[in-house]
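Reading through the structure tokens given below for one structure.
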Amino acid sequence: MKKRIMKLLSLGMVGVFFAGCSASAASDVSKEKDDTLKVGIVQYVEHQSLDDIYRGIVDELTAEGYEDGINIEIDYQNGQGDQSNLKTISSKFVNENSDVIVAIATPAAQAVASETTEIPIIGAAITDMVSAGLVEDIKQPGGNVTGVSDMAPVEEQIDILMQFVPNAKKIGIAYCTNEVNSEVQVKTACDYLESKGIETVITTVTNSNDVLQAISTLAEKVDGLYIPVDNTMASAMPTISTICEENKLPIVTGAAAMVEQGALATSAFDYYDTGKQVGKMAARILEGENPKDMPVELSKDNKIYINKTFADIIGIEIPKNLMEEAYEIY
Ligand code: TRP
């Protein structure tokens, strides 16, 4: 903690030297340069929701007075959905002695947490911090990890799907088994559907290469499809959407960006806002707070998103109440 305060002080000093604008100031600046606060950001994979989170984090850090290249140095790395990449990136951040590491999505946070129990870690949009083994208690994290959880309103999302297909007997669910975040949501979805007497057909994949085959097979067996907040599925959304179009299969997803890319509807968070929430927590760490005393926060204000173009393509009517409630119609 002391080190961080020293860094902030020395940065203040740099400002003063600059104001004086003496010739020797330049060398002071370069000397102080290695003392710039280091923020490592690792994103699990590329898809729009996670990209939105990243933008939100950077914008909020800037709004809080931490600007990349000025008083902080942001090292942004993408794991491309690959476990060994995540490990390499995590150990790099640890070796470089980052002041805070922000990990976007569950697998990224798990990778970083397994590399350090010292450096503060902020998990960004982690569905369930406890199931992911990142904190023991969301109110009192106790260790070096805290963050923002985006546990989706799964039951509300299933209700939306059932409004489109009120007579459905079988609902398909697809997710990636490497993602604990999805397992938690799928359990909720299954229990809820079962309580309504609806059969669920579950298909899993282990990586994005399997998605085409898995969804094509599933599409023929079910009356509707639910895909939770799953990174692998989100990154394969164009493929999934095409299969659903071909099969005229109603699909509801966990995230708004997935609806925008070709699903019927959802009730979901604005992930740019989640990113801003994460950025605020990262700024508090840079100011010297300790993650062990920072309760896990929750994403707020889920809203209804609808894709009218997709509904028209598969020839399904959008329930009037949903249209009226919609925050955004694509
Ligand atoms: N919640 C996911 C996780 O814990 C990450 C995530 C955030 C995500 N927004 C998303 C995944 C949208 C898919 C789609 O890993």
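Values quoted throughout were computed directly from the atomic coordinates according to the rules given, and no laboratory measurement underlies them. These numbers come from a predicted model, not from an experiment. Every residue, glycine among them, receives a Cβ derived from its backbone with ideal geometry; neighbour counts consider all protein chains shown.
Points worth noting:
- Computed lengthening from residue 83 to residue 70, 0.36 nm per intervening residue step minus Cα-Cα distance: 1.5 nm
- Each residue in 211, 180 was given a count of other beta-carbon atoms within 10 angstrom of its own, and listing them fewest first yields 180, 211.
- Relative contact order [Cα under 8 Å, 6+ residues apart], the chain, whole percent: 20
- For residue 202, residues with placed amide H under 5 Å, excluding near neighbours: 173
- Annotation: peptides 165-171, 150-156, ranked by per-residue average of other Cβ atoms within 10 Å with the highest first, follow the order 150-156, 165-171.
- Using θ = phi - 60° in the Karplus curve 6.51 cos²θ - 1.76 cosθ + 1.60, the 3J(HN,Hα) couplings for the range 160-176 round to 5, 4, 5, 5, 6, 10, x, 9, 4, 9, 10, 10, x, 10, 10, 7, 9 Hz; x is entered for Gly and Pro.
- Cβ crowding within 10 Å, taken as a proxy for footprinting-reagent exposure, orders 244, 190 from fewest neighbours to most as 190, 244.
- Take each peptide in 105-113, 77-85, count the other Cβ atoms within 10 Å of every residue, and average; sorted highest first, the result is 105-113, 77-85.
- Each of the peptides 50-57, 114-121 was scored by the mean count of other Cβ atoms within 10 Å over its residues; in descending order, highest first, they stand as 50-57, 114-121.
- Mean separation of Cα contacts under 8 Å (6+ apart) over length of the range 219-304, as relative contact order %: 25
- Amide H contacts for residue 75 (H built 1.01 Å from N in the peptide plane; partners 5 or more residues away or on another chain; cut-off under 5 Å): 39, 40, 41.
- For the range 206-330, DSSP calls about 40 percent of its internal beta bridges antiparallel.
- Using the Karplus relation 6.51 cos²θ - 1.76 cosθ + 1.60 with θ = phi - 60°, the per-residue 3J(HN,Hα) values for the range 121-133 come to 10, 10, x, 10, 6, 9, 4, 9, 4, 6, 4, 6, x Hz, with x marking Gly and Pro.
- Out-of-range pairs (alpha-carbon distance over 25 Å; input 280/303; 139/280; 139/300; 170/300; 92/300): 170/300; 92/300
- Per residue, the convex hull spanned by the alpha carbons of the chain comes to 129 Å³.
- For the range 32-164: relative contact order, % (alpha-carbon pairs under 8 angstrom, 6 or more apart): 23
- Using θ = phi - 60° in the Karplus curve 6.51 cos²θ - 1.76 cosθ + 1.60, the 3J(HN,Hα) couplings for the range 86-101 round to 4, 5, 4, 5, 4, 5, 4, 4, 6, 4, 7, 6, 4, 7, 8, 10 Hz; x is entered for Gly and Pro.
- Label-point separation, residue 293 to residue 62 (7 Å along Cα→Cβ), nm: 3.2
- Residue list for the range 183-205, given a label point 7 angstrom along the Cα-to-Cβ vector of residue 169 and an amide N cut-off under 11 Å: 199
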